[in-house]
Every structure is written in structure tokens, then in C-alpha cells.
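Q: One structure is given below, represented as C-alpha cells, and several questions about it will come after.
The values are calculated or read from the model by the stated rules, or taken from the named source; none is laboratory data. Quick caveat, the model's predicted, so the values are computed rather than measured. Cβ placement follows ideal geometry from the backbone for every residue including glycine, while neighbour counts extend to all protein chains displayed. The protein model used for the area step is the full one, side chains on, heavy atoms only, and it has no ligands, DNA or RNA in it. Shrake-Rupley method; radii C 1.70, N 1.55, O 1.52, S 1.80 Å.
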Amino acid sequence: MVEITIDGQPALVPAGTSVFDAARMNGTPIPTLCHLQNETPVGVCRLCVVDTGARVLTASCVRPVEPGMKVVTNSEKVLNARKTLLELLMADHPSPCARQENSGDCELETLARAAGVTQPRFAKRTVSRGKDDSSLAIAVDHDACILCDRCIRGCDEIKNNFVLGRMGKGYSAGIAFDLNAPMGDSTCISCGECMVSCPTGALTNKTVAGTSIAAGPDTQGFEAEELLQLPVFKGVSGTFLELNRGAIVKRRFRPGEIICREGEFGSTAFYLLEGKARVSLSAPIAHVKTQGGAKGLFKKLTSTLAARDADVRDDEARDRTIPIDASVDLAYGNPVAELGPGDLFGEMTCMNFYPRSATVIAETEVVAFEMLRNVLDIMMKNKSFRAQIDQNYRRRALENHLRGVPMFADLSPDFIEHLKRSVELQRYAPGQVIARQGDAARSFYLVRIGFVKISETYPGGELVLAYLSRGDYFGEIGLLGGGVRTATCTALDHVEVVRISGDDFRDMVERFPSVREGLEAVAAERAAQNQQRMQTVRSVPIDQFLSQGLMEAQSLLILDLENCTRCDACVNACADAHDGVTRLVREGLRFEQYLVATSCRQCRDPLCMVGCPVGSIRRRNSLEVIIEDWCIGCGLCARNCPYGNINLHPFDVMVEDLERPGRKKAMVKQKATSCDLCTHLKEPSCVYACPHDAAHRVDPRTFFSEMLGGGTAK
Amino acid sequence: MWRAGQAPPLQTLRVAGRTWRFLRTRWRVTDRGGWHNLARTRTTKKLAQRIDLNYFKRPTLLKRAKFWLSVAVPLLAVVWIAWHGFSRDSSVYSSGRMSGAHAVLEAECAACHVQTAGTFSAKASDTACLSCHDGPMHHAAKMDAGDCATCHAEHRGRMSLIAARNESCAQCHGDLKTSNGATRFAAHIESFEDGHPEFAALRSNGAVAASDPGTIRVNHAIHMKPIRRGPNGPNVQLACGDCHQAAAASAKWNYADAAYTTATTSYTDLDEVLALQADAFHRSKPMSGRELVAPVKFAYACAGCHSLAFDKRFSEGVPHDKPEVAHAFLVKKFGEYISAHPAEVRVMRDPGRDLTGKPLAPEVRVLTPTQWVTERTAEAEELLWRKTCKQCHALKVGDRQDHLPSVEPARTTVKWMPHAKFDHNAHRGFSCESCHQKALTSTETSEVLLPGIATCKACHAPGPEHAESRCFECHTYHDWSKRKEVIPTFTLPALRKTGN
Amino acid sequence: MRIDKTQRGWAITSLILVAVFTAIYVVYAVHAPEGPRGGSDLGLTFGVIGFGFMLFAALLGARKRVPTWRIGRAQAWMRGHLWLGLLSLPVILFHGGFHFGGTLTRVLMWLLIITVVSGVFGAALQHYVPRVMTTDVKLETIYDEIGNVQKLLREEADRGVETICGPLGIGKSANEEVQRAGGFSAARPMVTSSGGAAVAAETVVLSEEECAPLRKFYLSEMRPFLEQPKMRGSRLSDADKAHGAFTGLQTLMPEAAQATVQDLEDICDEARQLVRQEQLHHLLHGWLLVHIPISLALILLGAVHAVMALRY
């Protein structure tokens, strides 16, 4: 313990405490800008300077106490220094900055006002340092940045993301993301830590700066104590809530008000406290159907939206539920459900930044918490919150998911009840392996939220079989007992699965032998498929053409450039067949004299499927990637496709006007489209329409191995 | 930026068996651990993102040029045609220039192309041709050879319309069919060189060889050799033209005897020949009258050498006429003589006649003048009938009541080729012998001295280096004897003004 | 389209047809009473066949406008167009008996000759030029978008230079709203590095003097070249001279700028290649400006001729 004197008062503090902490412990707050309790102090702002009797004023946040130190925190010298500092800082500060405007608590401006700095004497900087609007969640105003280093430390120390850093020197110094990329292009994951740490309005929550959180008459900030009163927040650290004020707000919605719209990007989750909300899909449940042409000579091919009964696809999932990002799923026939108190929605959006999966409208007066990821992250680790979520899930969605598994379709209700009780919810972090190929299979899994990659490794490479999302299941081999996993299951992002243990299950199976038969049938089918796949894959030299990812494809549209006269007949035909929007672009990389056109490659590892908020993009018959009719047009698949093969197709539709219920209005809804190989016709239109024998749809394995004269590809 | 020793946050993707670490930025790691601006690397997605999805709907210079040219050029064509339509100028539709004869109608389409009432068609029908020309049919039992245009093709440029191709004639004559079976004409004539038979006059009819039906005995061979006794001395060389001349010839007859020209001749064929000539041909060249060679007349060709003297007392000969006329002449002549020389009634015995050894008759006979005339006439007639006239004519004594001989008609053929036209005038460049070689060696009248088809074929053959050998050169399709006059309907100014 | 052995079927059939037609014509021409005529039965037949070929050939344009109608593959139509179109010339010559006739028919004959000859020329171009384009223009893009890509290249070059040299004072264009491939327009407004976020603070790597040569070169030579790549006079239009220029520039610039200079050279190279692509594209498609209008006029006038010739 060290004895010091603070402002004339003696204090006894443990050795190693900083002067700042010592003062704080003794009830003397020292103003700071760059110091945060949970970050390593750096002492750059110099606002916390105190007089310790040394030659110069000391930055109290970095200076450890020494025995007999005499600290003066409020002498005129110190106060003048602080005032000058504040004046200097205010000279460059775009007062009022965003934070000051929105929540009135810009630390710099507050301090400046308290210190009596009104009009700085110094000239403002002439050149603006600019704003960075590229991030989805956080607005950057470099002019308001005081280079306090809080954000950098927050990103590095607290969140370990290491995105922020400093750049430049002197007058041109500033914070930068990665190598001075725009924030939205950087590796920033929008956790909000920097924003939360920032004392000024340099980093503000975009929705803070915009409309939703913390703005508007219906939102209110609140004290941490208030939150802690609520049972769900039991056990959450008060300091955390304190520090993350602004990352969680309480919002009030009037009946009929739209809480969120499907397809929008967002970064927040909603937790309903009071009231009821209706969750639905407003995109027309219809898929893009290309029709005409095949029947009759003069019928034009048009792309329309065709409802399921108008255009039957043979292996379309029947009686399925549409998985959405809430505690309940939507039934296909009537995609409307109700959310009530205790329901959490927007979890996927918040954790993994996928687009909103459905539209939520308040039915009654609704009070909800809107929170950012850092808060939700903590909440999900909190037992009572978790328990609530689990309970909701089990009550509302689990049965549907279980029934969605074909083997379980005929189970009796009490069996289902038993299952519901005995399942476990497990969370996995991104990249974590849930089950590995070759391991003993012991459990059966249902996906509650997130994306799971199912892949097989074999000599020479890896083949992704599927991306599973909410409502999908895997691991049925495990239920039989004694089996070995045939594939590796990896969590791609924040995944939560429902686990049914094999032992548990087997006991119940004794009572229902039919289930066993179903299981065995599935297992046998799986084994056969794997066998076949292994055979085909092994015989092809995989390690060629990897640089373009050509072997990833199952079907390539190649244009023989020595025949092609660049006449655009293929593009015109594709557009003609698809309502004026082409699904093929005559641009791309070349291989030998072939141009590999930008048109869906039916990849073996379909990256487009990752992240679909409503799970509408899937594979059919291992070749064609199709998009189901409930696509909400968010465009994530288009962004994910590494080849740019997915485009969004605008349709003019009459939809219910959400703001005025009962009325319809015209809107442009988008549906994701990609090359569908013109399966309703015998031959793809582009190949059919090429006058010069230049367009071909080929299987790259056979095509290229023939070309190079290698391998007998079967 | 990255603190030393700390790994940058990377997204891991397993692609095709290899683990790729991607930053969700446009920067990537190089091998040496440094950073490289990825802006210059090409990926399919980046390339595709440069492209506006609707590029192919936008017009480019090329597309617009293509469109406007495709509108402008056909429009130009339409305007051009419409212009001709509006100015009523149908000559643009002509399929070729007109023949020389119709050149004046080059722009006057309606002269021949008359629009059939009520239809769109405006073919040039026979009616149009017949409004100026008459084209009488071939022969009575004809089969229809088609309309005028079948043989007379217009719109072929400046050529002769008459110059019909052999195929036109061969339409029928190539395989001649008649209504009553066999025909006396050759049935498979394609052209002059292909299927044209030898001239009828020279063709043998079965076993009977062709012969000249003429009865006048002529030995051309003797006449063509130098003649020992000519009127102007020995060794006279006759030329063909001394006896044979063109019908309208006005040249002097070398061996004519004026005394005989006034005699009435027994045949008027010459007139017929001339008469025929006027209408028999329809040719572009004007008639010269020299196309045919006139039949040989005694007065002009023979009289110079072949005297018809009958008695030493007279220098003149009998007229070249019927026997009755000759007889009358003789009687008259002798009568006049004995009247002028009455002492001649005393006829002395011809001492030459004593050699026979028979009893001699009184030396002098005294006759009456009538007896003398009769005796003398008989002697003269004896000479004439049995020698002089008989030298050329075929006559028979004793058939008739008045004891005068009957003379066969001469039957001199005037026109050897009744179905063709031959123009000696066109061939005047050649010597007669070059074609009529047979004359040099012909001894009998019955020999036909007409040159055979081979002679003609020597020059008349297909090909530009030969003479015209198409059918129309010698034959005529139309039967001009039945020609009717056509009242012309055009006036030149009207034609020029209204025709289109 | 290459005339290769896949065209064998059509070629042989056409050859046989030509032989048959020639035989028929020769026999007919020899035996016709007044010579071969367009109006005779056989002449009319030839005329109808020839016009039929021409009509089918002309319908190719219509066929290309309805590419998805299942009325026969475009390839079959193309080959039919080529071979039957070619055949129409001898057939029409047979129709006219090798006479050019009057005014209208003379014009038609010349139009036909021009059409067929330009078509053969075009077929030859389509045989050779794609290969030339493929080998010469490695960095080919879509012709219609060349202007846009050149603009992107300019912006990229600007960015590259500004990153190390500081602002050049060149105005940036706004990103216009177009629907770009790759679904980019939908997800969010395309975030290019030049639009949206301004460079927070200039990351000046080089000092004024250090980047002066680059600045000078860029502003005086390269940017004008990138703005008008087709204009002659710039030494960057020629690959060798450009390489020389950049090599020279490399010697003047410090190590840190080498990558950027290399990138600029690559950008110039790409710009040059795009110019070459434009030239070749014009060649490959320019002949159609003759072929198509003339053929349309041919069909029109041909129809007029057919009607009028039958009338007269």
C-alpha cells in the first residue's frame, strides 16, 4: 500500500495504482478523454494532467503512484492547462458533432463547456479530414476525431479484431482501418467497440446518427439500473451496460408501425418486452418462371413470377416451413406468425450481418429493446437470457423443425414431446467443427440458427455437399449407433444447433420400429451416394485449373473465342428468355481460347448459399442451383458469389402497403436470379441462339480432361 | 498497422481442397508477407462488375448506322421504283433493248404490252403484233407453232427479229407429226447441218433416181468444151452466162438472134416466175429481180449457133414455133420463091442420086408450082422433123392426122426448190461452175444439175466464220401468198406522246 | 464462325445442288427455242428457287430477333443462310440465262452480286478475325462497354497515382445508377474506392520532388492518352515506345513507387488493347453496313421484279 496526498487529502492505495485510479478511488474524478477503465491507459490526451510536484504536469492515467506523492488536481496551473487543451481540441472540433447532436454527450464538448471554453481563439483547420460512410453500422467523422486511441485499444484489446490503427504523422495523422481502407471495405466486423469507446462523435452508430436507435421520440436511453431490473438481464455486468449505453435502447412502436423490413441490412436484434408483433413475408411467394417458347411457335418467352401451383417443380419442398430469423418459423401456406413478449428476433442479422429475413409490424403497442452485437453477444452468454431463448424455441419452433425431418414426420405427439424436452441447444463459434468425418457418430443435429457446412474430404481435395441453415438437419447416421461420420460438419458463423443424443434416441426407437427402418433406409442411401461420388471425384485430376476455380464448377458456359463473332446473340437470347434481364455476361477470364462467361457455374461449393436469411437458395439434383419462391431479394447471394453470376431481377408487383394496411401499392421487388440452364426447354437458350457454334455448356471435368488428353474421366 | 506478431483477421474459405485465406478487402497477401494492391488482378467477378447489365440494349454507332442504312437504302429503291411509277415510265421493267426494227418503240411499252381488261397482266400478245404485221400461217394443215414470240424474240438487243433460232423450227420439224400419218417431208430436221435432207430435186424416190423432167435435149458437156463451129469462127468457148442469165438481166445475149426474139414463145412461165417473185419472198433486202436465173430461151441462148435453116435457097431459118407455124411458114416461103423464080419448076435430077443402079427417071421434071411447093416443103420438113428439130426436141412423126409431128412440152423446170429461196444475186461473186460443177460433165438432159446440199454446206454452216445456216436464210415460215394488208393504227407523234 | 469440317454437310449438299442445277440449265439452254429466258417455265422455276433462297437468307435477320423461339437452331439458320445465299447467285444467273436484261434486272443483278460478294467477304472475316482478336487482345472486354471500361481504367490510374502523389485536382465523376452485373446494384450502392469515402487523410508516401516525374508524366502524357486512346501522336499508343517511356519513368521513381508505375504500364497496355479491340470489332461488323441494306433493297426490288415481269 502506498500513501499519497491528493488535493491535500491523504490516500492509501495499493502499489501500482495509477494516480487517476487513486484519485477516483478517493472520490476525486479527473476528467479524461483518452482513458477508459477497461483499456490500457496511454496518456495521449493529456487532459488528466495533474500536478505532482514534478517539473511538468503529469498524465495521471499512466503515472503510477509513488509513496509520498503530492497530487494536485485542481490548481490553476492544472486548470489552465486543461482549458487550453480543451480550447485547442475544440478549435478543430466540428461542434456540435454527431454525438452531441443526437445524445448530447460528446465528452469533449461536455468537458469544454464545463471548463468554460466557448469560442476557441484558434483558427479552424482548413482542410477537412473527411467522413467515411462506408460501414453499415458505424459512421466515421474524422474531423471529430481527437486521436485519443480509445477505439484502437478497444478494437485490439477488448475485441481482439485489430482493425484500427493510426496512420500518418503530424497534421495528417488519423485513425485508419486496415491499411487505410474505407471502413466498410476493411476487416471491421462492426462490433461497435470502437464506437462505444469513442468519446466524441468521430465514431457513431449509424442508426444512432440516422433514425432508429436512440433517435426519435419513441426511443429512450435508460440507465443501466433500469435494465438490470428486468429478469432477462439478471447477471449481466452493470459496468458493461454502462459502458455500452447507446448500444442498447428501448423503443416504442405504435400499432401498425413497421419495426423492420425484410431484405434490409441491419446490425441489431430486437427483444420484445411488451406487446405483440406480426412477422410475415411481403415478397410475393412465387419463383421466377420462364415460360413460353416451348409451346407453340409464336409464344414469347417471358419471365414472370409464378406461384407454386402455376409452375410445379417436381422436387420442390412441399409443406415446408420457411425458416426466418426469429423464434418461430413461417408456414409456407400462410407466412404470417405472431411474436410476443420474450421473443427475440433479428439474431442472425445482429450476429452475422445477414439481411433481415422478414417484415415485422407492431400489432399492438410494442416496447422492444434494440441492441447491437456486442450487447447480444453478452446476453447470449447470460444464463437467464439463454434460458428464455431456449424455452421459446422449444415451445414454438422445435416441433416444426423436428417434423421437418422426414424420418420424424410420423412420430407420435408424446414422442415429440419427449424429444423436445431432451434436446440440448449448443452454440458453436465460426470455424468450429461440429462433427468430423471419420469420427464415431453419436448425435443428431438440427440447426436453429447460422450456417453449417457439410463437406467431404477425399484424396485430392474437399467437396462441399451442402450448406445447411435453420431448420435443416444432419448427422442422422449417429442415430443408428455404431456408425461413422461420412462428412465433416463445420460452423461457418455463429451457429446454434439442437442436439439429440444417440443414446437417448435409441431407447425411444425401441418403441417405434418404423423409425428405425426409415433411418436405415436413409443411411443406406447416403452410403451409396457417397460411394458414387467418391468414385467420380477420384478419377479426375483435381489439381488442375484451380486458379480460376474452374474445377469447382459442375457446368460452365464457355464461348469459343475463335468462333465467336461477338454478336451478342447469346445475351439477347438470354434476356429474351428472361424478361429483358440477362443472366449471362460475355465477360470473364479466359482459358486457352475459351472465354468462361459469367453465368452460374453450378459450383460444387456453392458459396451463394451461405447466408440466405430465408434459406431459399438450394441445390437440386446436385447440379442446378435454384432459388425458391420465397426469396426476399436481399442480394446477399449475389454478393457472395465469387464470380458475380447472380443478379437481381426487378419486378413490378402490387404488394400490401405496410404503412396503410388494407391497401396495395406498386413496388419494385427484386428476386435473385441466376442462370437456370433453361431447364424448361431442351437446351439453354444461349447455346440454342448462337449462330456460330461458339457457345457451349460443358462439364469442365470431361471437357478439359479431353482437351488436355489426360485422365479417363467417367 | 498490425502489431508485430499478431495475425491479421482473415476469412477462411476452403475452395477445391485448398484453404484460401481471404481478407474481405481488395488487398491480399503476397508470398513475401508484404501487401500488394489487388486492384490489378483480374477475377471474373471484378470483370463482370465493370459491365452494365443492359449494355446490349443501348444503341451504338454501329447499330444505329446499320438501322438507318437498312431503312435508307431500301427506301431509296422504293422511291426509285415509285418515281418510275408516277412518271408512267415502264421502260425500267424492260428485259432488254428492242430489235432494230422496233427501236422506235424502245420507250413505248404500251405499243405492245396492252393491259388485259380487268386483270393486272399486260403481256405482249399476238394481237399487238398483228396490229401492224400480218403473219399468215405456215400451211393449211398446220399445227399451232405457238405465238409470235416463240420464234420472234424481242428485247434481245439490236438484232434481226426474223433471225429465228433453229430450235423454233425444230419445234415441229424436229419431229414432224401430221394429221394423217406419213408425210412427204423429212421428219427429223434439227438444223441445216443436222437432219436436213438432200434437196428434193436431187433425192431419189425409191429406186428411181432424181431426174430432170425436161424434154429438151441438152448436152452441157459439149457446150462447155470449145466449140468447133461457132458463128464467129471455130473454137468458140461458151461461158455459162452466154445462155443462163438472171431473170431481170439486161445484159446482151451473146448468142441471141434477133430474128427469133419476136417469135411468139410457147410458154409464159417466165412471167409466172416474175409474178411469183414479187410476192414469194419477204425479205429485208429489196428485190433485185436477179434472184432467180431465167429459163433458157432459144432466141437468146441457142439461136446464135443452132440455125433452123431448111433450104439452100434461103438464108433464114424457120421460126422457132409450133410445127403448124413452121409448116405454114415453109409453104409461104416456097410459094413466094416459086412465084419469084418460075423457071425452077423444072427440077433437074440430082446426079448424086444415080449411084444406086436403079432405072433412071427422066432428067427433068416439070412441076406445077403447087407441086413444087409441096415437094420442096416435104423435103424441108423432112430435114426439120428428122434432124434439125429433133436434135433438141422430143417429137414424134406420124401421130397426128395432118402428118405434123407432135412435140413434147419442154417441161423446163423454172424453180428447182419451190420451198426455199435461193438468191443467185447474193452469190454473184462465185463463178457458176464453182457450184454447178456437174454441168461441165453432164451429157444428158435428165441429169439434175442443181448443186447438192453438200455444196451449200461448204459455206453455210454454224459458226461465225461461216455463212448463215439458220433455217430462215432459205426458208420462210409464213405463207405470204395469203398475206392480208394491215391498216396501220399508229401515228408517229401519238406514239411518241402516249406510249409508255 | 469458322468454315471448318462441321460445315461439310452443307457444303456437299450445296455442291450437289449446284451440279444438278447446272446440268438442268445446260440441257435447257441448249434446247430452248429462243434461248434461255427468265420467263420460260424452267427460267421461272429457277427464279422462284433463287428468290426463295434469298428470302430464307433474309429471314436470318428476323430469326435473330426472336432468339428463343424454337424454330430451328440459330446455327442451322446461319449455315443455311451462308450456303443457300451463296447458291442464289448461280441460280439467278441460270434464271436470267446469263443475260443482265433491262434496267431493273441489271440493277438487281448488281445488287445480288454485291450482296453475295460482301457476304463471302464477311464470311471470310468471320473466319479469320475472331482468332486475331483472341490472340491480339488478351484483355478483351465487351465492345459496347469499352468506353465505360476506359473510364474505369482512368479512375484506377488516378487512384493509383493519387495514393502516392497526393491529389491531382482531377474531378471525380459520380457513379451513375446502372444495373451492374454481379448483383451489385441491389445489395448496396457500389462502393468504389473513388466514390463514397474520401481518402481519410492523404497517405502521402512520396514527397513533392520525389513524385514530380510521375506527376508530370501522368498529367502531361498518360492521362491525355487515357482520355483519348485512339488519337495518334502519343508515344503510349505504341507498345514498344510505351515500354520505353515507363522503363524510363521507373528509373526516375523511388522503390516505393515501382509497383504503381508497373500498374500504370499495365493500365496503358489494357487501354491500347481495347483500342485494338475496337478496330477489329469495326472490321468484323462493318461489312454488314453494306451487306444488310443492299440485301434488303435486293429483296424489295426482287419482289417488284417478280410481280412486274409476270405482268409483262
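Q: What do you reckon, is residue C:59 in contact with a Gly (Cβ under 9 Å, 6 or more places away or on another chain), in a helix (DSSP H, G or I) and surrounded by fewer than 17 Cβ atoms within 10 Å (Cβ to Cβ)?
A: Values: in contact with a Gly (Cβ under 9 Å, 6 or more places away or on another chain): no; in a helix (DSSP H, G or I): yes; surrounded by fewer than 17 Cβ atoms within 10 Å (Cβ to Cβ): yes.
Spelling it out, it is not the case that residue C:59 is in contact with a Gly (Cβ under 9 Å, 6 or more places away or on another chain), in a helix (DSSP H, G or I) and surrounded by fewer than 17 Cβ atoms within 10 Å (Cβ to Cβ).
Q: Within 12 Å of chain A (Cβ to nearest Cβ) and free of Cβ contacts under 8 Å to residues at least 24 places away in the same chain: is that true of residue C:6 in this structure?
A: On the way: within 12 Å of chain A (Cβ to nearest Cβ): yes; free of Cβ contacts under 8 Å to residues at least 24 places away in the same chain: yes.
Against the criterion (within 12 Å of chain A (Cβ to nearest Cβ) and free of Cβ contacts under 8 Å to residues at least 24 places away in the same chain), residue C:6 qualifies.
Q: Then there's this: At least 1 residues that are closer than 29 Å to residue A:256 by Cα in each: list the strands (runs of 3 or more DSSP E) lying fully within region A:592-700 that qualify. Write out each step before concluding.
A: Details: elements: A:594-596, A:617-620, A:624-627, A:647-656, A:664-673, A:695-698.
Passing ranges, in order: A:647-656, A:664-673.
Condition check ((1) in a helix (DSSP H, G or I); (2) buried (at least 18 other Cβ atoms within 10 Å of the Cβ); (3) within 14 Å of chain A (Cβ to nearest Cβ)) across all residues:
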{"residue": "C:71", "(1), (2), (3)": "no, no, yes"}
{"residue": "C:77", "(1), (2), (3)": "yes, yes, yes"}
{"residue": "C:92", "(1), (2), (3)": "yes, yes, no"}
{"residue": "C:100", "(1), (2), (3)": "no, no, no"}
{"residue": "C:106", "(1), (2), (3)": "yes, no, no"}
{"residue": "C:110", "(1), (2), (3)": "yes, no, no"}
{"residue": "C:116", "(1), (2), (3)": "yes, yes, no"}
{"residue": "C:147", "(1), (2), (3)": "yes, no, no"}
{"residue": "C:157", "(1), (2), (3)": "yes, yes, no"}
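Q: Hey, can you tell me all the residues within region B:423-453 that are of a type in the set (S, T, N, Q) and closer than 24 Å to residue B:471 by Cα? First the steps, then the outcome.
A: In the first step, residues of region B:423-453 are kept if they are of a type in the set (S, T, N, Q); the result is B:425, B:431, B:434, B:437, B:441-443, B:445-446.
Result: B:425, B:434.
Q: Check off (1) in contact with a Gly (Cβ under 8 Å, 6 or more places away or on another chain); (2) touching a residue at least 60 places away in the same chain (Cβ under 8 Å) for residue A:64 and give me the number that stays unchecked.
A: The number of the failed condition is (2).
Q: For region A:42-84, how many residues are open to solvent by 30 Å² or more (accessible area, probe 1.4 Å), in a loop (DSSP other than H, G, I, E, B) and closer than 21 Å to residue A:1 by Cβ?
A: Result for region A:42-84: 6.
Q: Now, a different point. When you go through (1) more than 14 Å from chain C (Cβ to nearest Cβ); (2) open to solvent by 70 Å² or more (accessible area, probe 1.4 Å); (3) touching a His at 6+ places or on another chain (Cβ under 9 Å) one by one for residue B:225, which number turns out not to apply?
A: So residue B:225 meets the others, but not (3).
Q: Within region A:548-607, which residues are within 12 Å of chain C (Cβ to nearest Cβ), among the hydrophobic types (A, V, I, L, M, F, W, C) and open to solvent by less than 10 Å² (accessible area, probe 1.4 Å)?
A: The answer is A:559, A:561, A:571, A:573, A:575, A:577, A:584, A:585, A:597.
Q: Within region B:162-178, take every residue that is within 11 Å of chain C (Cβ to nearest Cβ) and of a type outside the set (Gly, Ala, Ser) and give me the one that is least open to solvent (accessible area, probe 1.4 Å).
A: So the first thing to find is which residues in region B:162-178 are within 11 Å of chain C (Cβ to nearest Cβ), and the list is B:163-172, B:174.
If we keep only those that are of a type outside the set (Gly, Ala, Ser) as well, we get B:165-167, B:169, B:171-172.
Details: B:165: 65, B:166: 22, B:167: 51, B:169: 48, B:171: 83, B:172: 46 Å².
If we take residues in region B:162-178 being within 11 Å of chain C (Cβ to nearest Cβ) and of a type outside the set (Gly, Ala, Ser), then B:166 is least open to solvent (accessible area, probe 1.4 Å).
Q: Could you pull out every one of the strands (runs of 3 or more DSSP E) wholly within region A:95-208 that has 2 or more residues that are at pLDDT 85 or above, open to solvent by less than 30 Å² (accessible area, probe 1.4 Å) and within 14 Å of chain C (Cβ to nearest Cβ)? Outline the logic, then answer.
A: Values: elements: A:138-141, A:164-167, A:174-177, A:203-205.
Counting at least 2 such residues, we get A:138-141, A:164-167, A:174-177.
Q: Considering only residues of region B:404-449 that are acidic (Asp, Glu) and open to solvent by 60 Å² or more (accessible area, probe 1.4 Å), which is farthest from residue B:217 (Cα to Cα)? Talk me through it step by step, then tell me what you get.
A: Restricting attention to region B:404-449, the residues satisfying the condition of being acidic (Asp, Glu) are B:408, B:423, B:433, B:444, B:447.
After this cut, where a residue has to be open to solvent by 60 Å² or more (accessible area, probe 1.4 Å) as well, the list is B:408, B:433, B:444, B:447.
Details: B:408: 11, B:433: 20, B:444: 7, B:447: 11 Å.
The residue in question is B:433.
Q: Which residues, counting only those in region A:341-363, are open to solvent by 10 Å² or more (accessible area, probe 1.4 Å), over 12 Å from residue A:260 (Cβ atoms) and assigned to a loop (DSSP other than H, G, I, E, B)?
A: A:341, A:353, A:354, A:363
Q: Select, from C:242, C:257, C:271, C:297, the only residue that is open to solvent by less than 50 Å² (accessible area, probe 1.4 Å), hydrophobic (A, V, I, L, M, F, W, C), over 30 Å from residue B:116 (Cβ atoms) and away from chain B (no Cβ under 14 Å). Full working, then the answer.
A: Working: C:257 fails: away from chain B (no Cβ under 14 Å); C:271 fails: away from chain B (no Cβ under 14 Å); C:297 fails: away from chain B (no Cβ under 14 Å).
On inspection, the qualifying residue turns out to be C:242.
Q: Then there's this: Quickly run through region A:1-32 and pick out the residues that are over 18 Å from residue A:45 (Cα atoms), in a loop (DSSP other than H, G, I, E, B) and either touching a Cys at 6+ places or on another chain (Cβ under 9 Å) or open to solvent by 40 Å² or more (accessible area, probe 1.4 Å) (or both).
A: Those that are over 18 Å from residue A:45 (Cα atoms), in a loop (DSSP other than H, G, I, E, B) and either touching a Cys at 6+ places or on another chain (Cβ under 9 Å) or open to solvent by 40 Å² or more (accessible area, probe 1.4 Å) (or both): A:1, A:7, A:8, A:14, A:15, A:16, A:26, A:27.
Q: Of the numbered conditions (1) surrounded by 16 or more Cβ atoms within 10 Å (Cβ to Cβ); (2) over 41 Å from the mean Cα position of the chain (by Cα); (3) not in a helix (DSSP H, G or I), residue C:28 satisfies every one except a single condition; which is it?
A: Only one criterion is unmet by residue C:28, namely (3).
Q: In region C:279-288, how many are surrounded by fewer than 18 Cβ atoms within 10 Å (Cβ to Cβ) and within 10 Å of chain B (Cβ to nearest Cβ)?
A: Final tally of qualifying residues: 2.
Q: In addition: Take residue B:400 and tell me if it is open to solvent by 30 Å² or more (accessible area, probe 1.4 Å), more than 25 Å from residue B:314 (Cα to Cα) and free of Cβ contacts under 8 Å to residues at least 60 places away in the same chain. Reasoning before the result, please.
A: Values: open to solvent by 30 Å² or more (accessible area, probe 1.4 Å): yes; more than 25 Å from residue B:314 (Cα to Cα): yes; free of Cβ contacts under 8 Å to residues at least 60 places away in the same chain: yes.
Yes.
Q: If you go through region B:326-334 one residue at a time, do you hit one that is modelled with pLDDT under 85 and open to solvent by 70 Å² or more (accessible area, probe 1.4 Å)?
A: Taking region B:326-334 first, the residues modelled with pLDDT under 85 are none.
No, the conditions are met nowhere in region B:326-334.
Q: Within the set of pairs 6+ apart or on separate chains, which have a first residue in region C:156-185 that is of a type in the set (Lys, Arg), a second that is surrounded by fewer than 22 Cβ atoms within 10 Å (Cβ to Cβ) and at pLDDT below 60, and C-beta atoms under 8 Å apart?
A: C:159/B:39; C:159/C:193; C:159/C:194; C:172/C:194; C:172/C:195; C:180/C:190
Q: Run residue B:133 past the list (1) within 13 Å of chain C (Cβ to nearest Cβ); (2) surrounded by fewer than 18 Cβ atoms within 10 Å (Cβ to Cβ); (3) at negative phi and report the number of the one that doesn't hold.
A: It fails just one condition, (1).
Q: Hey, among the residues in region B:150-161 that are hydrophobic (A, V, I, L, M, F, W, C) and either open to solvent by less than 30 Å² (accessible area, probe 1.4 Å) or not in a loop (DSSP other than H, G, I, E, B) (or both), which one's nearest to the other protein chains (Cβ to nearest Cβ)? Spell out the reasoning first.
A: As a first pass, look at region B:150-161 and keep what is hydrophobic (A, V, I, L, M, F, W, C): B:151, B:153, B:159, B:161.
Next cut, either open to solvent by less than 30 Å² (accessible area, probe 1.4 Å) or not in a loop (DSSP other than H, G, I, E, B) (or both) only: B:151, B:153.
Working: B:151: 7, B:153: 4 Å.
Within region B:150-161, the match that is nearest to the other protein chains (Cβ to nearest Cβ) is B:153.
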